Amino acid sequence: EDQVTQSPEALRLQEGESSSLNCSYTVSGLRGLFWYRQDPGKGPEFLFTLYSAGEEKEKERLKATLTKKESFLHITAPKPEDSATYLCAATNAGNMLTFGGGTRLMVKP
Amino acid sequence: SAVISQKPSRDICQRGTSLTIQCQVDSQVTMMFWYRQQPGQSLTLIATANQGSEATYESGFVIDKFPISRPNLTFSTLTVSNMSPEDSSIYLCSASGPSFGGAEAFFGQGTRLTVV
């Protein structure tokens, strides 16, 4: 059975304090590893897709990386507007998407 | 990317009634999905909406409770039937397909359902 596990469940940072969110996965025939941002009361907003180990993607203060067992979402010098829940998900060979539990990020000014 | 419109955005319903949620995608898609998200929890897949055939339901979800339609490649509905307070949740529509450029799925804004 495919599994996606995110840690930590919650993370409090001061503005400007860089950190990383972790996503460990066990997926048969990984087709893609995805990161989403979700604000309260809204649907998940797509951020990145990673397809193979060693791949990296960047967008503003966010950088996503992928190894054969896990993915990291690095947040550099975060701002309060980066506060949200970040979801990791993976698609297997059968196109089934499995979500992790999410990391609630709070950035204080 | 894709624009996925979902309505209603929220509703308060009486127990025993049914609510139909609509999902419209701005381009033709191969796959459409319905998820449920309890407060503070991650997403749980209810079913895959298949165009021209019956939906494929995940363990714990049945067609009588959550009938799904998908009449074409851009539209789907989810009905929550004979509602109880335990059905209070956020329901999300999602779509993916080659027209989006990759394997990623995109989501609607969700329907916040409260059953009283």
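Brief remarks follow.
- Here the contact order of chain A, divided by its residue count and restricted to Cα pairs under 8 Å and six or more residues apart, works out to 38 percent.
- Exceedance of the 31 Å cut-off in Cα-Cα distance is limited, within the set A:68/A:108; A:42/A:79; A:68/B:7; A:57/B:65, to A:68/A:108; A:68/B:7; A:57/B:65.
- Exposure here means at most 12 other Cβ atoms within 10 Å; with trypsin sites (Lys or Arg not before Pro) in a DSSP loop as sites, the longest stretch of chain A lacking them is A:1-67.
- No Cys partner within the rule (Cβ under 4.7 Å), chain B: B:13
- Cα gyration tensor category, rounded, prolate or oblate, for region B:4-115 with a/c compared to 1.5: prolate
Every read-out reported here was derived from the displayed coordinates using simple, explicitly stated rules and does not represent laboratory data. Values in this document were obtained by computation on a predicted structure and should not be read as measured data. Reconstructed Cβ throughout: ideal geometry from the backbone, glycine too, with neighbour counts over all protein chains shown.
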